[in-house]
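The next block holds one structure in the form of structure tokens; read it before the comments.
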Amino acid sequence: MIDNFSDLGAAPFFAKRLEERNIRKATDIQKKVIPRLAAGESVFFSSATGTGKTFAYLLPLLGRLLEQDAQSGGKNTPWPRFLITAPTLELCSQIKGELDFLLDQSAISANVENEQSSVSLRSCLLIGSVNLERQIEMLRKSKSDIIIGNPARLLVLAKMGKLRFGGLNCLVLDEADRLVSDELSGETRELCEIIRRAVRDCGSLTIAACSATMNEKNREKLLSLAVFRDDKNVNVSRNIEYIESEGNEILRERIEHWAIFSEKRRKIQTLRSLLAAIKTKKSRARTLIFTNRGDEAEMVLSRLLYHHVNAAGLFAKSGKKPLTGTARKEALDAFRSGKVDALVSTDLAARGLDIPGITHIIALDVPSDSEVYIHRCGRTGRAGKYGVMVTIGNETQMRLLASLEKKLKIRVLPKELYQGRICAPSQVEDI
């Protein structure tokens, strides 16, 4: 199968940009998705985290915009033409960063029928942490071709009439299973209803929905969205293909899974001891710590900071008050840049994030849903590297982890902390 980006139909400029990151061969999911989106087909697709899903939709859909501009000379094009929505502020910002990387020139040359024309794609990030009036003014001035935002903020702007979708021809639902979850489905459905009304007289809409996990129930929820129905409210989505990447080889082959027993009252002490043991290794450890709830994340972060652990927090809500978008961005930037070695987060806040160099994931609880465990694991073992997923739990949680081990066909290794070292229980007995 072709694995060269240019041969898959990506614009040569984008292929050269990827080479600057030493990305020369397409992943399995990219080889399957790029040609279909480039041809105008709508697809649902899932693939393990770290396999390049963002580029799988950006490359072909940006290429289509460039072709449109080359044919029209970039004149009188409606805006926006390409909408990407994702569940969290952090993921939206990350997608915007990848988009900016690909479009890192003020003008991109497109050669159509031997005529060289200069076109420029404009993009705009619309997230809830930014002043609304400032965003409205930015929209008015930029007239962006590409919009990235979370459903809540997009919905507000659309209802105000500041954001119209009459010229939209590409729609991406990133982390789609989360967008149709009970927490976010109301906003997602209302946004899709507005989009359907706007585009129904303007031709076809190419839709991509993706996630690391997308079960049949989530696919049914997605297909019930208004953008997949016609004027008579009849579902017209029978031909949408669901594409899945080959296996979960990253989960099993690039990530080592550990289990460390600890009673609830001693979990923070166990966590501190584990962080200290990891830190003594030659290579610098970068650790992402997961808890289920914002108030728990706040408590864990507070205890770590009290004991002078270099850490930051990334969670939407706490027991006292929500973290502002600015505070969350500062925490994420500090972790990305290496100013802090540990980031305490909830599952929602870290959903879909690509943070290079994470060596260890530490979970202070065991999710009942295997998909949550997969998303947690996926923050490490990315881009061909290896990582470690550590679960700290009591007897009940260890039983849940054993069930996940069987369901996901992974091997979880029991570990203990002894005299500042991480070792197997048998090694402790032999000392």
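The values are calculated or read from the model by the stated rules, or taken from the named source; none is laboratory data. Predicted, not measured: the structure shown is a model, and the values here were computed from it. Here the Cβ is made from the backbone with ideal geometry for all residues, glycine too, and neighbour counts use every protein chain on show.
Here Ala48, Ala39 are screened, and the one residue that is surrounded by fewer than 20 Cβ atoms within 10 Å (Cβ to Cβ) and either of a type in the set (S, T, N, Q) or out of contact with any strand residue (DSSP E or B) (no Cβ under 6 Å at 6 or more places or on another chain) (or both) is Ala39.
Residues that are in contact with a Lys or Arg (Cβ under 8 Å, 6 or more places away or on another chain), more than 30 Å from Leu343 (Cβ to Cβ), buried (at least 19 other Cβ atoms within 10 Å of the Cβ) and assigned by TED's automatic domain parsing to the domain that holds Pro151: does the stretch 72-82 have at least one? Among the residues of the stretch 72-82, at least one is in contact with a Lys or Arg (Cβ under 8 Å, 6 or more places away or on another chain), more than 30 Å from Leu343 (Cβ to Cβ), buried (at least 19 other Cβ atoms within 10 Å of the Cβ) and assigned by TED's automatic domain parsing to the domain that holds Pro151, which makes the answer yes. With the structure loaded, tell me whether Phe45 is within 12 Å of the chain's Cα centre (by Cα) and aromatic (Phe, Trp, Tyr) or whether it fails that test. In short, no. Within the stretch 129-146, the residues that satisfy the criterion of being closer than 19 Å to Leu103 by Cα and polar (S, T, N, Q) are Ser142, Ser144. From the list Ser93, Ser118, which residue is hydroxyl-bearing (Ser, Thr, Tyr) and at pLDDT 90 or above? Criteria check complete, one pass: Ser93.
Scanning the stretch 171-187 for residues that are under 16 Å from the mean Cα position of the chain (by Cα) and of a type outside the set (A, V, I, L, M) gives Asp174, Glu175, Asp177, Arg178, Ser181. Checking Ala316 against (1) modelled with pLDDT under 75; (2) closer than 19 Å to Tyr373 by Cα: exactly one of these is not met. Which one? Among (1) modelled with pLDDT under 75; (2) closer than 19 Å to Tyr373 by Cα, Ala316 violates only (2).
The listed residues are Ala312, Ala331, Ala402, Ala316, and the only one of them that is part of a helix (DSSP H, G or I), under 30 Å from Gly149 (Cβ atoms) and in the same structural domain as Arg265 (by TED's automatic domain parsing) turns out to be Ala331. Test Ile194 against the criterion of being under 29 Å from Gly40 (Cβ atoms), β-branched (Val, Ile, Thr) and without any contact (Cβ under 8 Å) to a residue 60 or more places away in the chain, and give yes or no. Yes, satisfied.
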